[in-house]
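Asker: I'd like to ask you about the structure that follows.
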């Protein structure tokens, strides 16, 4: 058993202790639900510069998907204190969780291709029965031990490929993203009322289109202009001065919660 | 891993949680409130603390602190304080009040303005700045305990972290402390980094997380200014502005 599993197990067990100590009914109601990759939102999008962008792959390395409640869960203050012992709530300091308390988790390291892996089960999450509002996860790096030796994702957070077309001019692109170590994505929408008898599954979605604001993850990237040699092939990656602005712009959008969500479906 | 160990750990967590309650005690004591900018504000941020070789010193760092509440008691109002003036580690006295004896964990305060001026230097190049941030930021649920004994005086320190202005991320666990992007914003090359220049400069590789509206270096500094307040050194607080 890994250390993270120990902590997770201890938290759940501590909730049991809390209830026993308070003379309450028994342990906090929990529910276990599978988490599946949802690739239904990775279709073509039109950017603010008029490019129609279609992804052929959207591979992302991440770990430890956790689920948060906006307020206090039904287990009230003692749980709140226990949860704070493990994971602090919002604080005025970078690096601290800005959402509610974490009361559910799917622990592990994952590499997901939101185009090819639609419907793939990542594992079974354990959650306290509660009203959920958001999900968080930590961006990772493609692990050499789990990928083929020549896999371009090794050492990087994300690798996206696809085409951008405008005025019948097509550019095939590759975008490589490196997120800072330990960079947590906080606040992906996850609106769900989960009772202890909840069934179905949780669907983890990546969407190049921000469904609320209507912008896209590729906005501000002028694919044709960046393709300086006009060969129809463009690579946007860190450390290349010619594409620095495009890389920074994409990475910022990629790292916001606007493009991720979790949905509970029966 | 043995289940017995897991349950032992859980028991420790549980009983530890029971110890987090405020302690009730009779009588009353005094709480003295200080504001301290630490060495970074009083002496400057040396180059070896910055990731890109710049060093920063402050000519003034005037903070206006209001609505300080410790132990449920509001502290009397006070004047703005220039916390760049050296105190040898003591900090600047802000106010004091009599509060009930006990251990208090519900402290809060508001930093209503920060008026900062100084310079940054690297390789013989110096850039100066003079910026005012007058959007009040409230700090509550601070991570500290102020123990007040009957008839005694306790201290409560509001600690201001100036290096946050130079963080390259609003969300990273360990953001880099850098100045180059701010220096580069001096597009008229007069060695003064003005607010107008910052408003015209994009945030480049800085990471704002999911914060909306942070799309130029001035808005970046404003966002960072809302993270300056701490308590008793490294104690964090929840922060809020009038807009949220």
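The values are calculated or read from the model by the stated rules, or taken from the named source; none is laboratory data. Predicted, not measured: the structure shown is a model, and the values here were computed from it. Positions of Cβ are generated from backbone atoms using ideal geometry, with glycine treated the same way; all protein chains shown enter the neighbour counts.
Asker: Would you mind listing the helices (runs of 4 or more DSSP H) fully within the range B:126-235 where at least 2 residues are within 21 Å of the chain's Cα centre (by Cα) and away from every other protein chain (no Cβ under 11 Å)?
Answerer: Here the list reads B:217-225.
Asker: Which one of these is free of Cβ contacts under 8 Å to residues at least 40 places away in the same chain and under 17 Å from the mean Cα position of the chain (by Cα): B:82, B:67, B:115?
Answerer: None of the other options fit; the residue is B:82.
Asker: Tell me which residues, restricted to the range A:52-71, are in a strand (DSSP E or B) and under 30 Å from residue A:100 (Cα atoms).
Answerer: A:58, A:59, A:60, A:61, A:62, A:63, A:64, A:65, A:66, A:67, A:68, A:69
Asker: Identify all residues within the range B:76-105 that are assigned to a loop (DSSP other than H, G, I, E, B), at pLDDT 95 or above and closer than 13 Å to residue B:157 by Cα; write none if there are none.
Answerer: Of everything in the range B:76-105, those that are assigned to a loop (DSSP other than H, G, I, E, B), at pLDDT 95 or above and closer than 13 Å to residue B:157 by Cα turn out to be B:83, B:91.
Asker: Considering only the range A:212-266, state which residues are away from every other protein chain (no Cβ under 11 Å), under 26 Å from residue A:140 (Cα atoms) and in a helix (DSSP H, G or I).
Answerer: A:241, A:242, A:243, A:246, A:250
Asker: Further question: Determine, yes or no, whether residue A:206 is touching a residue at least 12 places away in the same chain (Cβ under 8 Å), under 30 Å from residue A:130 (Cβ atoms), crowded, with 17+ Cβ neighbours inside 10 Å and away from chain B (no Cβ under 14 Å).
Answerer: For residue A:206, the condition - touching a residue at least 12 places away in the same chain (Cβ under 8 Å), under 30 Å from residue A:130 (Cβ atoms), crowded, with 17+ Cβ neighbours inside 10 Å and away from chain B (no Cβ under 14 Å) - is met.
Asker: Let me ask something else about it. Does residue B:34 satisfy being at pLDDT below 95 and either part of a helix (DSSP H, G or I) or closer than 23 Å to residue B:146 by Cα (or both)?
Answerer: It is false that residue B:34 is at pLDDT below 95 and either part of a helix (DSSP H, G or I) or closer than 23 Å to residue B:146 by Cα (or both).
Asker: Name the single residue, out of those in the range A:154-186 being within 14 Å of another protein chain (Cβ to nearest Cβ) and in a strand (DSSP E or B), that is nearest to residue A:244 (Cα to Cα).
Answerer: This residue is A:177.
Asker: Going through the range A:218-234 one residue at a time, which ones are touching a strand residue (DSSP E or B) at 6+ places or on another chain (Cβ under 6 Å) and surrounded by 14 or more Cβ atoms within 10 Å (Cβ to Cβ)?
Answerer: A:218, A:223, A:224, A:226, A:227, A:232, A:234
Asker: Let me ask another. Check the range A:215-225 and report whether any residue there is on the phi < 0 side of the Ramachandran plot and without any contact (Cβ under 8 Å) to a residue 24 or more places away in the chain.
Answerer: Yes, the conditions are met somewhere in the range A:215-225.
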